[in-house]
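Q: What follows is a single structure, and I will ask about it in a moment.
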Amino acid sequence: MDGKVRQVGPDIYQIYLPLPTRPSIVNVYLVRSGDEWALIDTGMQSEESIATFKAALQEVNCPPSAIRTLLCTHHHPDHFGTSRTYKDLTGAEVYLHPLELPRIERMQSTAPSPEALAFFRTHGVPMPESPDGHPTPGRYFGTLYAPTAPDHLLQDGDTIRIGTRECVVIWTPGHTPGHCCFYFPQDKIVIVGDHLLPKITPHVGVYYMGPENPLLDFIRSQQKIQQFDVELVLPAHGAIFKDHRYRAQQIIQHHYYRLQEIHDTIKNRAKTAYEIAMEIFDFGSDRPIFHMLAATFETLAHLHFLMHEGTVEKIEEKERIKFIATRPASYALHHR
């Protein structure tokens, strides 16, 4: 087969779709049962990605009309960005978790949100004075994001039939509130989206829309995925792998290390989330504002976890929120 598509399981195909951002590739998956197919995730809405996807369909002899089901792990542009186009192309029924719906609308917004700007400034992020310089998802992604309204809303534990195959929905909040993995018990295969990646860790951040403690959700979701009998993990980025429990524990330990690092940074002086992020994350001289925002949001997720644990307190000073360690912490050396 061409380098853009390969068989990774019984009637399961991995397609490498190009992205104009980093990471530069997203893996989407085709699953077949008899004459019925399902597509898991979509890639971004670009001519190159759509052409690659159509070529892959021809290579595996999948007519677009045979795709009856379109399952999406979450709302992000590289996973849901071409859902409208592929629904029109195939006529498939689209599935997404309901907690993703409010974020689809925000992802398309080109107008700066006053609530978002206030949130950024409160946490110390330096924002341009001119509204033209304010970051919005719609300006950043533009035509790369063309979502559709889902036909069905996913719930944890749902069983979706693809021909005679059963696909079990595993709700794994953390990276996004409604992120879901898709488990095929007869094959012991799980398609994990961004939840469980082999080399990198997905972004987990606190936004002005909430939720309040996404890192706690994420760690619990990493513990949850370990309960399933899995022999092969199919991620959205990176190579397929086998030991899902080992990788989940690695990711948990990474966050415990980061919790300790952040806690140590504010032992003696209260700081904003932005100040902490600039110390913790390794940026070069050129810092795109979206990278600074993501680092700040991820720092906030760790700070909210520490507040939940009672080792850090929030201090409100004029128009700024700062954080300071108030009790010892020992996250780097143990599992929970």
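Q: Taking a cut-off of 18 Å, what percent of all Cα-Cα pairs in region 1-119 are separated by more than that?
A: Of all Cα-Cα distances in region 1-119, 52 percent exceed 18 Å.
Q: Between Asp35 and Glu261, how many nm apart are label points set 7 Å from Cα along the C-beta direction?
A: That separation, rounded to one decimal, is 5.5 nm.
Q: Another question, then. Less than 23 Å apart at the alpha-carbon level, and either on another chain or at least 8 residues along: which lysines does that give for Lys318?
A: Lys267, Lys271
Q: Given C-alpha coordinates of region 187-236, what is the ratio Rg to Rh with the Kirkwood estimate of Rh?
A: 1.03
Q: How many nm separate the modelled label positions at Glu212 and Glu309, each set 7 Å beyond the Cα in the direction of the Cβ?
A: 1.8
Q: Identify all lysines with a Cα-Cα distance to Lys199 below 19 Å; exclude those on the same chain that are fewer than 8 residues away in sequence.
A: Qualifying lysines at Cα under 19 Å: Lys242.
Q: List, in order, the whole-Hz ³J(HN,Hα) value for each residue of region 61-74 obtained from phi through the Karplus relation with A = 6.51, B = -1.76, C = 1.60 and θ = phi - 60°; use x for Gly and Pro.
A: Couplings: 6, 10, x, x, 5, 7, 7, 9, 10, 10, 9, 10, 5, 6 Hz.
Q: In the P(r) worked out for region 253-325, what percent of Cα pairs fall beyond 21 Å?
A: Roughly 22 percent, rounded to a whole number.
Q: Picking from Glu317, Glu298, Glu93, which is most flexible by a Gaussian network model of the chain using Cα springs under 10 Å?
A: The residue with the greatest mean-square fluctuation here is Glu317.
Q: Ok, one more. As a check on your grasp of the helix formula, calculate [θ] at 222 nm for the chain: sum -39500 (n - 2.57) over DSSP H runs of n ≥ 4, divide by the residue count, round to the nearest 500. Write out the running numbers ahead of the final one.
A: Working: 10 runs with 109 residues, N = 336.
Computed mean residue ellipticity for the chain: -10000 deg cm²/dmol.
Q: Please state the relative contact order of region 182-266 as a whole percent: Cα pairs under 8 Å, 6+ residues apart?
A: 32
Q: A further question follows. According to a simple spin-label model (label point 7 Å from Cα along Cα-to-Cβ), what is the distance in nm between Gln250 and Thr122?
A: Spacing of the two 7 Å Cα→Cβ label points: 3.7 nm.
Q: Let me ask you something else. Based on DSSP, what percent of beta bridges with both residues in the chain are antiparallel, to the nearest 5? Kindly include the intermediate steps, with their values, before the conclusion.
A: On the way: 35 of 48 bridges.
The antiparallel fraction comes to roughly 75 percent.
Coordinate-derived values only; no laboratory data. Note that the structure is a prediction, hence the values are computed from the model and not measured. Heads up, the Cβs are rebuilt from the backbone with ideal geometry, glycines too, and the neighbour counts pull from every protein chain shown.
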